[in-house]
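Asks: I'd like to ask you about the structure that follows.
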Amino acid sequence: MARIEFAQGVVEESIPDVRMTRSRDGSNGTATFRFESTKILDSGNTQEVTGMYLIDEEGELVTREVKCKFVNGEPTAIEAIYVIKNPEEWDRFMRFMERYAQENGLGFTKS
């Protein structure tokens, strides 16, 4: 089961908008996740956010680059950036995304 967590053990149920970039030579890239309405924000406990954990049967991918967006002092969205440093990490990330997309009915559009 592929899942995303912001606090370990708390599965995020909302589906993010994910935008990916990759260098021309394929050596590195980024994936930007944007969550509009999240379980962790709805609970009002943003202090529990310790990172973004992408978990599947192969293991765990982690990023600490997580930001909360506020409007009028209220948390409204979470944005996380996962940095991919080499082709092997890209392949591993794509395997996770394929599993996550399949489980959540997501599609992929190349631009």
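Asks: So what is the relative contact order for the chain, in percent, with contacts set as C-alpha pairs under 8 Å and at least six apart?
Replies: 29
Asks: What net charge do the residues around residue 28 carry, taking every other residue with its C-beta under 10 Å from that of residue 28, with Lys and Arg at +1 and Asp and Glu at -1?
Replies: 0
Asks: Which of these values of Rg and Dmax of the Cα atoms in Å was calculated from the structure shown: [x] 14.0, 42; [y] 13.7, 46; [z] 16.1, 46?
Replies: The value computed from this structure is option [x].
Asks: Could you provide, to the nearest whole Å², the per residue accessible area of the chain with probe 1.4 Å?
Replies: Averaged over the residues of the chain, the accessible area is 61 Å².
Asks: Taking only DSSP H segments of four or more residues, each worth -39500 (n - 2.57), what value at 222 nm results for the chain once the sum is divided by all its residues, to the nearest 500 deg cm²/dmol?
Replies: The helix contribution divided over the chain gives -6000 deg cm²/dmol.
Asks: Angle, helix 87-104 long axis vs. longest principal axis of the chain, Cα atoms, 0 to 90°, nearest 10?
Replies: With both axes taken from Cα atoms, the answer is about 60 degrees.
Asks: May I have the count of lysine pairs in the chain with C-alpha atoms under 22 Å apart, counting pairs 8 or more residues apart or located on different chains?
Replies: For the chain, the number of qualifying lysine pairs is 4.
Asks: In the neighborhood of residue 38, defined by Cβ-to-Cβ distances under 14 Å, what is the net charge if each Lys or Arg adds +1 and each Asp or Glu adds -1?
Replies: Residues near residue 38 contribute -4 overall.
Asks: What percentage of the solvent-accessible surface of the chain, computed with a 1.4 Å probe over protein heavy atoms, is contributed by carbon and sulfur atoms?
Replies: Whole-percent figure for carbon plus sulfur exposure: 46.
Asks: Right, next: When you count, for each residue, the other Cβ atoms within 10 Å and take the mean per peptide, how do 56-68, 30-42 rank with the highest first?
Replies: Top of the packing list down: 30-42, 56-68.
The values are calculated or read from the model by the stated rules, or taken from the named source; none is laboratory data. Nothing here was measured: the structure is a model prediction, and the numbers come from that model. Reconstructed Cβ throughout: ideal geometry from the backbone, glycine too, with neighbour counts over all protein chains shown. Just so you know, the surface numbers come from the protein's heavy atoms only, side chains and all, with ligands and any DNA or RNA stripped out. Shrake-Rupley method; radii C 1.70, N 1.55, O 1.52, S 1.80 Å.
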